[in-house]
1. Could you check how many residues of the range 257-288 are within 11 Å of the chain's Cα centre (by Cα) and not hydrophobic (A, V, I, L, M, F, W, C)?
2. Which one of the conditions (1) assigned to a helix (DSSP H, G or I); (2) farther than 22 Å from A106 by Cβ does A177 fail to meet, given that it meets all the rest?
3. Within the range 8-21, is even one residue of a type in the set (A, V, I, L, M, F, W, C), surrounded by 13 or more Cβ atoms within 10 Å (Cβ to Cβ) and closer than 22 Å to E257 by Cβ?
4. List every residue pair whose Cβ atoms lie under 7 Å apart, where the two residues are 6 or more positions apart in sequence or sit on different chains, the first residue falls within the range 169-182 and is within 10 Å of T121 (Cα to Cα) and free of Cβ contacts under 8 Å to residues at least 60 places away in the same chain, and the second residue, located anywhere, is charged (D, E, K, R) and surrounded by 15 or more Cβ atoms within 10 Å (Cβ to Cβ).
5. All but one of (1) buried (at least 19 other Cβ atoms within 10 Å of the Cβ); (2) in the same structural domain as G270 (by TED's automatic domain parsing); (3) not polar (S, T, N, Q) hold for L69; which doesn't?
6. Provide a single number: the residues in the range 116-134 that are over 16 Å from L94 (Cβ atoms) and either among the aromatic types (F, W, Y) or surrounded by fewer than 14 Cβ atoms within 10 Å (Cβ to Cβ) (or both).
7. Just checking, which of V93, V44, V40, V76 is of a type outside the set (K, R), within 16 Å of A156 (Cβ to Cβ) and in contact (Cβ under 8 Å) with a residue 12 or more places away in the chain?
8. Could we say that E257 is part of a helix (DSSP H, G or I) and either at pLDDT below 95 or surrounded by fewer than 22 Cβ atoms within 10 Å (Cβ to Cβ) (or both) here?
Amino acid sequence: MSDDRHISLSPLNRPVDPPAPARVTLNDCTLREAEQGAAVNFTVDGKLAIARRLADIGVGQIQIGYPGLTPDDGVVTGTLAAEGLGPRLEVVVLSYLPSWQEQIQACGTSGGRILHLVYVTSDVRMRDAFGVTRQQALERIRAALRQARPLFDVVAFTPADTTRTDHGFLQEVLAVAEEEGADRYYLADSCGAASPVAVRRLMREMKGMTRKPLGIHAHDDFGLAMANVVAAVEEGAVFVDTVVNGLGDRTGNPALEEVVAALEFLYGIGTGVDTTRLCEISQLVADISGAPVPFNKALVGPLAYAHKLESHVHAVLASPPAFEAMDPRWVGNRRHIALGRYSGPEAVAARAREAGVPLEGERLERLMQMVREHAGRKGGLLDDGAFKMLLDRVLGLRSA
């Protein structure tokens, strides 16, 4: 790619100081969390295709799912492990379920070398939903970690619903996990119920409970998943759970593409991901999941870099940084000149040039008026087909 790609970010941005890391590991959870979303179900082949593409673009760790609960997840894990896929493979055990021992054994033979052990620790889940006392929870956490520890290279532990867990009990939970040799811990905002301020504070508190690496697992129920990721990373989180296109349980999880771009470009924090392939992975997951990319989706939406108001079009054609913080090619996207009732001669001429037809003078003025009239009459997007029809009329290639 040429070196003419612009980046024009705020001069107020500054590289963040420690405890923010210089680099994070992305643990992409698309294969699990996206399928937990109401509208998505993957085939084995679909999961394999997504995992291989995630590896190709540089994602460092991939969470497969639940080999102990879903045999197909075991097939996916074993297949990818046999292929020697670059990213490390993580498998998940829900240790609050009665089948926790069988889950651990199935995961231990699946080929995944990282185990993510989850136990619910908020009273609203642990006590009210599952009928478990705090003492019973501590005993189960200890037993599960003790069984799992010899079977895996790495054992991560998540006190699920961390942001709604009693602080004193969270200390007890992590103390048990420390005694049993957990390697890393996640702050899980399982219901998207915490503000960035709360996440920042809780990250600091967890750092006082352990010296082990910390990660962040966020949900978007209040639209703050991305903000909570940034807050956690600023406080030292080195593992970040992501999902392509922000799919996931209920309202979804932090979008891989947004996390990568924000950390790489705004914070100068490395992720290992080739940013120029973000649109590629986004479209692949959209195709396989059947969940289309919203037209205005940040960074990867087909119209994320669309300009329509004539003054904006003039500015971006004269100097792209005027209305683009960075060149769309940095994320594998492209600029789009949209047309409608706000369009003037520059926008219409630009679209005509894209069609290989330079226009000026009376024909340009006529086409501009036709574009405005069509947009006002039809509504919606004035797409390439509609524009070509209008252009052909101006050129005399089509009757009105």
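The values are calculated or read from the model by the stated rules, or taken from the named source; none is laboratory data. Because the structure is a prediction, the values reported are computed rather than measured. Note that we place each Cβ from the backbone using ideal geometry, even for glycine, and neighbour counts take in every protein chain shown.
1. The qualifying residues number 3.
2. (2)
3. Here is the first cut: in the range 8-21, the ones of a type in the set (A, V, I, L, M, F, W, C) are 9, 12, 16, 20.
Okay, now just the ones that are also surrounded by 13 or more Cβ atoms within 10 Å (Cβ to Cβ), so 16, 20.
The next check asks that each one be closer than 22 Å to E257 by Cβ; those that pass are 16, 20.
Taking every residue of the range 8-21 in turn, at least one turns out to be of a type in the set (A, V, I, L, M, F, W, C), surrounded by 13 or more Cβ atoms within 10 Å (Cβ to Cβ) and closer than 22 Å to E257 by Cβ.
4. F169/R134
5. Among (1) buried (at least 19 other Cβ atoms within 10 Å of the Cβ); (2) in the same structural domain as G270 (by TED's automatic domain parsing); (3) not polar (S, T, N, Q), the lone unmet condition for L69 is (1).
6. 3
7. Exactly one of V93, V44, V40, V76 is of a type outside the set (K, R), within 16 Å of A156 (Cβ to Cβ) and in contact (Cβ under 8 Å) with a residue 12 or more places away in the chain, namely V93.
8. Numbers: part of a helix (DSSP H, G or I): yes; either at pLDDT below 95 or surrounded by fewer than 22 Cβ atoms within 10 Å (Cβ to Cβ) (or both): no.
The answer is no for E257.
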